[in-house]
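First comes the structure, then the notes that go with it.
The values are calculated or read from the model by the stated rules, or taken from the named source; none is laboratory data. A quick note: this is a predicted structure, and the numbers were derived from the prediction, not measured. Counting neighbours? That spans all protein chains shown, and the Cβs are built from the backbone with ideal geometry, glycine included. Protein only, heavy atoms only, side chains kept; ligands, DNA and RNA dropped before computing areas. Shrake-Rupley method; radii C 1.70, N 1.55, O 1.52, S 1.80 Å.
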Amino acid sequence: MPESAPNPTSDSFSTWRRILWPVHRHEMRKLLPILFLFFLVTFNYNVLRIMKDTLVVTAKMSGAEIIPFIKVWAMFPSAVVMTALFSFLSNRYRKETVFYALVAIFAGYFALFLVLLPVQEHLQPQTSADWLARVLPSGFAGLIAMYRYWLFTLFYVMSELWGSVIHGTLLWGFANQVTRLHEAKRFYGLYVVGANVSGVVAGQVSIALCSNPFYPRLPYGKTAWDQSILFILLSVLAAAGIAIGLFRWTVNHVLTDQRYYDPRDAHEEREAQGKISLIDNFSYLLRSRYLLYIAVIVLGYNIVINLTEVVWKHEVKLLYPNPQHYNLYMNQVSSILGVLATLSAVFLAGNAIRVLGWTLTALLTPLLLFLTSLGFFGPFLLPAGMLSGLSGGLSGSLAALPLIVFFGTLQNCLARTAKYTVFDATKEMAFVPLPADMKLNGKAAIDGVGSRLGKSGGSVIHQGLLLLCGTLSASAPWVGLFIVITLLGWMWAVRALGVEFAARSQAQR
């Protein structure tokens, strides 16, 4: 008989140990590899997140207005296809095999992108795109840019899907599967720390790789920026390979021990996998009020963050039109964000759940988004004379732009900090008390398609406002109004879900 693990509680820890590292010695073998997996997968997510924005926003005849069109006309259908592929693979193979296959698909695409990038000018449909620009209204500029730079559009889609599929569905699904409820309250905050530390590392690695001069002896690229893309994507491929190896080692050498994972749980999970289909995913979502509350929370976050980020990236592009400068600035923001998120994860995420409870902790994110959005959208409503006074006498756009970029950066850092700590931890904890079939199918629907629907919803709003207002800056006050409405619905769903989460958790004790 395998040795049974003791019933660990946080009562045996000292005060600082309970705050910083609430892990028993015998649990280290299970925690550390999963923690490092979060680091590797999120490292790629952070690197790709900045790279995809830089490529599409700073392209010659493009801008931030391309993002809403990509998310509606490319991202949402791609997310549906990827969810169907995940369901197809899950019906036929073990979860470990699905992980290897999907990571390999993404890695293969990023390797192919490096092959196609040097010949991108020959692949762009410049003639037909120019014709569309002449016959369509100016509000369709983003749609035309999406078509013109289809190679960058596809890169944007695959980079975004890495976050939702590999990080959101596969990795968090794996953590939910193997982490017991009494471990989740201590481990999930640490998982988030590992993910946040990767943001700092990813930002600094990207800054270092983007700061190199052009190497004429290197047979790749025509500019220093082209070579920076090569180096950055090679680091992504290396991290993906290490993640596959570490995942395999964890499954074969850690989870075979019943102290860390009960085989009966694995059997239950395999039985649930056999029932998966895309229709079943949505059926579970529509039949369960509990899952619908989680879906509203995910939709709310993605709508709000999409509405604010598009306006912010537009302003940053105006301040830093050069792609290398834009990428450097965004990676500096990513590094700062990683530091803030790590400190918050260590001192806030897990401890907030233990002290405040699930509901109050889950409410922190929408409340913080409300306050920071006031600071960001406020300058769009201020008179030009007041902006000039605040910025030392500068007039016109020179007065507004630095101020808006500053508050937008502050809003983005604080909002992302909340997302990577209390939001992710509370959202994932909400899945833990569910039966295996609801946990697997509901999470696939919510993370795979629900998050895309939220971002697409925000993008639809942006597209409508662009057609009515003409520019992203002019539509900003109306964007703020939609954000307030969405936040109210989000907070209602949190309170309703908190009641049911407490009841289900109590029933499992």
#### Entry: A474-W249 pseudo-label distance in nm [points 7 Å out on the Cα-to-Cβ vector]
5.8
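What order do you get for 409-417, 116-124, 423-431 when each peptide is scored by the mean count of other beta carbon atoms within 10 Å, highest first? Kindly include the intermediate steps, with their values, before the conclusion.
On the way: 409-417: 21.1, 116-124: 12.6, 423-431: 24.2.
Ranked by mean Cβ neighbours within 10 Å, highest first: 423-431, 409-417, 116-124.
Given contacts defined as C-alpha pairs under 8 Å and at least six residues apart, what's the relative contact order of segment 122-256, whole-number percent? Working shown, then result.
On the way: 36 pairs, mean separation 17.6, N = 135.
Here the relative contact order equals 13 percent.
Determine the shape class of segment 411-477: with a ≥ b ≥ c the square roots of the Cα gyration tensor eigenvalues, call it rounded for a/c under 1.5, and otherwise prolate if a/b is greater than b/c, oblate otherwise.
Numbers: a/c = 5.57, a/b = 1.90, b/c = 2.93.
It is oblate, given that a/c is not under 1.5 and a/b is not larger than b/c.
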### Cα-based Rg / Dmax (Å) for the chain
22.9, 78
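Find the accessible area per residue for the chain; the probe is 1.4 Å, ligands and nucleic acids are left out, and the unit is Å².
Working: 20840 Å² over 509 residues.
Value returned for the chain: 41 Å² of accessible area per residue.
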### Task
Using only Cα atoms, find the angle between the long axis of helix 263-273 and the longest principal axis of the chain, and express it within 0 to 90 degrees, rounded to the nearest 10.
50
### Query
Which angle from 0 to 90°, rounded to the nearest 10, does the C-alpha axis of helix 472-507 make with the longest principal axis of the chain?
0
### Query
Using Cα atoms only, what is the angle between the long axis of helix 396-418 and the major principal axis of the chain, expressed in degrees (0 to 90) to the nearest 10?
10
### Task
Any chance you could run the full-extension gain for I242 through S211? It's 0.36 nm times the residue separation minus the Cα-Cα distance, nm to one decimal.
8.6 nm
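Once you have a ≥ b ≥ c as the square roots of the Cα gyration tensor eigenvalues for segment 67-220, tell me rounded if a/c is under 1.5, and otherwise prolate or oblate according to whether a/b is larger than b/c.
Details: a/c = 2.09, a/b = 1.54, b/c = 1.35.
In terms of gyration-tensor shape, prolate.
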### Query
Considering the zone a paramagnetic label at R354 would reach in this model (a point 7 Å from Cα along the Cα-to-Cβ line), which residues of segment 465-509 have amide N under 20 Å from it?
502, 505-506, 509
#### Entry: Computed label-point distance, nm, for sites R259 and H325 using a 7 Å Cα→Cβ extension
5.7
### Query
How high is the relative contact order of the chain, given as a whole-number percent (alpha carbon pairs under 8 Å, six or more residues apart)?
28
### Summary
Label model pair Q120, H182: point-to-point distance (7 angstrom along the Cα→beta-carbon line) in nm is 5.4
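Need one word for segment 293-353: rounded, prolate or oblate. Basis is the Cα gyration tensor (sqrt eigenvalues a ≥ b ≥ c); a/c below 1.5 gives rounded, then a/b vs b/c decides. Working shown, then result.
On the way: a/c = 4.23, a/b = 1.41, b/c = 3.00.
The shape class here is oblate.
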#### Entry: Accessible surface of the chain [probe 1.4 Å, protein heavy atoms]: carbon and sulfur percent
68
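Full-extension gain between W492 and H26, please, as 0.36 nm times their residue separation minus the C-alpha to C-alpha distance.
Working: separation 466, 0.36 × 466 = 167.76 nm, distance 4.04 nm.
Gain on extension, W492 to H26, equals 163.7 nm.
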### Task
Between the alpha-carbon centers of segment 230-256 and segment 292-342, tell me the distance in whole angstrom.
27
